[in-house]
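The values are calculated or read from the model by the stated rules, or taken from the named source; none is laboratory data. It should be emphasised that the depicted structure is a prediction, and the values quoted were computed from it without experimental measurement. Because the Cβ atoms are built from the backbone with ideal geometry, glycine has one as well, and the counts that use them run over all protein chains shown. Heavy atoms of the whole protein, side chains included, go into the accessibility calculation; ligands, DNA and RNA do not. Shrake-Rupley method; radii C 1.70, N 1.55, O 1.52, S 1.80 Å.
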Amino acid sequence: YLLDKSEKYDSRDVERLQQDDKWVDSYLIWRHDVVDDTLKMIDESFQWRKEYTVNDLSESVLPKWLFESGVLFLHGYDKEGYKLFWFRVKHHTKDSKQQLDKKKLVAFWLEHYAKRDHGKPLTVVFDMAETGISHIDLDFVRFIVSCFTDYYPNFLTKIVIFEMPWIMNAAFKIVKGWLGPEAISLLKFTNKNDVQEYISGEYLPPHMGGTDCFKYSYPPLVDDDFQTPLCENGPITSEDEHESKEEIDADTKEAGEPNEEQNLNQKKVNSIEQISKSEETDKTEIKPKNAKKALTTFKGPLLHISPAEELYFGSKETGEKKCLIVLTNVTKNIVAFKVRTTAPEKYRVKPSNSSCEPGTSLDIIVSLHGGVAASLQDRFLIMAAEMDQSSGAGVPELTQFWKEVPRTKVMEHRLRCHVVESSKPSSLTLKDNTLNIPAKTNEDLHIQLTHLLQINKRLQEQMDRCLWFQQLSVGVLLLSVTIVAFCFYL
């Protein structure tokens with residue numbers, strides 16, 4: 001099949017398909033394990049990816065005004081912990097000359113997120129407040145829908161449509177015609193009264209009945225607002241706070257002017273990502289006994305990070321308040337690292353700013369405090385960069401290093417939080433100095449359930465065929481007996 005159509009594909013996509021089992025599995029799941037349908041989808045999506053040069057899309061390729069318009073962006077999470085992909089319909093105007101660039105912007109955001117978060121599904125939000133006939137663009141809506149149904153497999157959890165005007169009912173009847181029955185079930189029509197069934201108020205703007213003060217601006221690209229978590233040993237000194245503010249200012253200058261959300265959140269930062277030698281030798285530090293490696297490991301160019309995707313915390317009832325992150329330096333040089341979080345007021349991290357020697361492993365303890373519980377919306381960001389052997393690894397050297405290191409040389413990896421309700425969780429969760437094993441995520445259970453349903457369907461089909469064959473055999477046997485009896489009678 002590839003020999004016949006190899007010139008129609010990007011060789012990077014073909015190489016990834018041959019190496020990435022998870023990607024192949026997502027296509028199979030989306031097409032219910034029907035190989036011919038899966039192959040057809042891969043063929044169509046690969047041709048589309050080459051046509052839109054998806055692997056080469058970047059901020060420098062697309063016009064700047066597209067990002068500034070604020071029509072499309074990623075921000076916040078729904079109640080299940082899935083990232084929200086916003087389409088602000090009132091900022092969109094139909095223009096055939098700009099259509100291709102706008103479609104490439106959709107592809108850019110989807111590919112940007114797929115690479116960053118390893119293909120974790122999205123929730124699409126069509127914010128249709130203050131819209132009318134002039135904003136209707138069925139071709140563009142169809143493209144967004146086809147991205148999820150035909151090009152990005154198993155990438156959609158639901159489509160939340162907020163305050164759709166009655167005048168658009170006819171248009172959305174056409175949209176429903178493009179969707180299969182399964183995709184139609186993902187549509188959620190909402191208003192102010194019921195939108196919080198799917199998205200909590202902290203990630204909804206005021207006009208949707210929420211409390212999120214976020215206002216879109218560009219640059220930089222909208223992303224999780226990661227901040228410095230509290231250090232393990234409590235409040236910081238004024239001198240430390242001064243150093244922290246200098247570091248935040250330096251990071252802000254590199255990334256561009258901050259948006260309003262970042263300004264608000266930076267006011268909450270009352271701690272610093274710093275560890276002293278006395279903290280490293282602190283005898284009161286809680287470390288797990290008989291700790292084992294996590295079952296999953298992210299293998300980055302500088303650090304291997306365990307667990308690979310999620311930190312498992314217990315609920316208020318189960319009481320697990322500590323998790324372990326294991327970093328392994330796979331380079332020949334010292335690697336400096338920092339840990340940041342989207343909820344700095346909830347977590348303490350030790351160490352949050354330190355270095356790892358070549359070929360060694362280092363444990364990072366993440367703990368909840370103040371009687372709060374972990375949330376699915378909480379995220380952690382691990383930043384790492386390689387240092388010269390001549391560089392020191394003390395606090396002043398690290399502070400200066402992070403001010404000077406180029407962004408292009410910084411490895412970033414994100415971790416999600418997961419709340420374990422079971423009394424027998426299964427992850428690197430720490431409780432009473434013991435290590436438990438984390439429970440499976442909703443996503444894993446959904447995949448297994450899908451597989452079981454497909455197996456059940458195939459078994460049912462086999463049983464139907466067996467019953468049909470059995471009835472046919474009985475009929476033939478009865479006919480044969482009748483003929484033989486008639487012959488004897490003659």
State whether the residues of segment 116-132 include one that is touching a Leu at 6+ places or on another chain (Cβ under 8 Å), free of Cβ contacts under 8 Å to residues at least 60 places away in the same chain, crowded, with 18+ Cβ neighbours inside 10 Å and closer than 25 Å to residue 39 by Cα. yes
Across (1) open to solvent by 20 Å² or more (accessible area, probe 1.4 Å); (2) assigned to a helix (DSSP H, G or I), residue 145 clears everything bar (1)
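Residues 136, 174, 167, 161: which one is of a type in the set (A, V, I, L, M), touching a residue at least 24 places away in the same chain (Cβ under 8 Å), more than 30 Å from residue 21 (Cβ to Cβ) and open to solvent by less than 10 Å² (accessible area, probe 1.4 Å)? Outline the logic, then answer.
Working: 136 fails: open to solvent by less than 10 Å² (accessible area, probe 1.4 Å); 174 fails: open to solvent by less than 10 Å² (accessible area, probe 1.4 Å); 167 fails: open to solvent by less than 10 Å² (accessible area, probe 1.4 Å).
That would be 161, the only listed residue that is of a type in the set (A, V, I, L, M), touching a residue at least 24 places away in the same chain (Cβ under 8 Å), more than 30 Å from residue 21 (Cβ to Cβ) and open to solvent by less than 10 Å² (accessible area, probe 1.4 Å).
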Please verify whether segment 25-44 includes one or more residues that are surrounded by fewer than 18 Cβ atoms within 10 Å (Cβ to Cβ), in the same structural domain as residue 110 (by the TED database) and among the β-branched types (Val, Ile, Thr). no
Subset of segment 48-94, residues free of Cβ contacts under 8 Å to residues at least 60 places away in the same chain, of a type outside the set (D, E, K, R) and under 30 Å from residue 310 (Cα atoms), comes to 54, 55, 57, 58, 72, 85, 86, 87
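Quick one: in segment 18-47, which of the residues that are of a type in the set (A, V, I, L, M) and assigned to a helix (DSSP H, G or I) is farthest from residue 145 (Cα to Cα)? Reasoning before the result, please.
Here is the first cut: in segment 18-47, the residues of a type in the set (A, V, I, L, M) are 24, 28-29, 34-35, 39, 41-42.
Filter once more, so that each one left must be assigned to a helix (DSSP H, G or I): 24, 28-29, 35, 39, 41-42.
Details: 24: 21, 28: 19, 29: 18, 35: 23, 39: 20, 41: 15, 42: 17 Å.
So, considering only residues that are of a type in the set (A, V, I, L, M) and assigned to a helix (DSSP H, G or I), the one farthest from residue 145 (Cα to Cα) is 35.
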Subset of segment 355-364 (residues that are surrounded by 15 or more Cβ atoms within 10 Å (Cβ to Cβ), of a type outside the set (S, T, N, Q) and over 16 Å from residue 323 (Cβ atoms)): 356
Within segment 48-64, residues being open to solvent by 60 Å² or more (accessible area, probe 1.4 Å) and in a helix (DSSP H, G or I) number 4
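Check segment 430-444 and report whether any residue there is out of contact with any helix residue (DSSP H, G or I) (no Cβ under 7 Å at 6 or more places or on another chain), modelled with pLDDT under 85, more than 30 Å from residue 28 (Cα to Cα) and not in a strand (DSSP E or B).
Taking segment 430-444 first, the residues out of contact with any helix residue (DSSP H, G or I) (no Cβ under 7 Å at 6 or more places or on another chain) are 430-444.
Then drop every residue that is not modelled with pLDDT under 85, which leaves 430-444.
From what's left, more than 30 Å from residue 28 (Cα to Cα): 430-436.
Restricting the remaining residues to those that are not in a strand (DSSP E or B) gives 432-433.
Checked segment 430-444: at least one residue is out of contact with any helix residue (DSSP H, G or I) (no Cβ under 7 Å at 6 or more places or on another chain), modelled with pLDDT under 85, more than 30 Å from residue 28 (Cα to Cα) and not in a strand (DSSP E or B).
Looking at 79, 115, 103 in this structure, which one is part of a helix (DSSP H, G or I) and at pLDDT 85 or above?
On the way: 79 fails: part of a helix (DSSP H, G or I); 115 fails: at pLDDT 85 or above.
The match here is 103.
Can you go through 42, 29 and tell me which one is closer than 21 Å to residue 103 by Cβ, out of contact with any Lys or Arg (no Cβ under 6 Å at 6 or more places or on another chain) and β-branched (Val, Ile, Thr)? Working first, answer last.
On the way: 29 fails: closer than 21 Å to residue 103 by Cβ.
Result of the check over 42, 29: 42.
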Only unsatisfied item for residue 112, checking (1) under 26 Å from residue 300 (Cβ atoms); (2) open to solvent by less than 20 Å² (accessible area, probe 1.4 Å), is (2)
Of the residues in segment 330-354, those that are in contact with an Asp or Glu (Cβ under 9 Å, 6 or more places away or on another chain), open to solvent by 20 Å² or more (accessible area, probe 1.4 Å) and within 30 Å of residue 377 (Cβ to Cβ) number 4
Picked from segment 412-425 (must be open to solvent by 20 Å² or more (accessible area, probe 1.4 Å) and more than 17 Å from the chain's Cα centre (by Cα)), the residue modelled with the highest pLDDT is 421
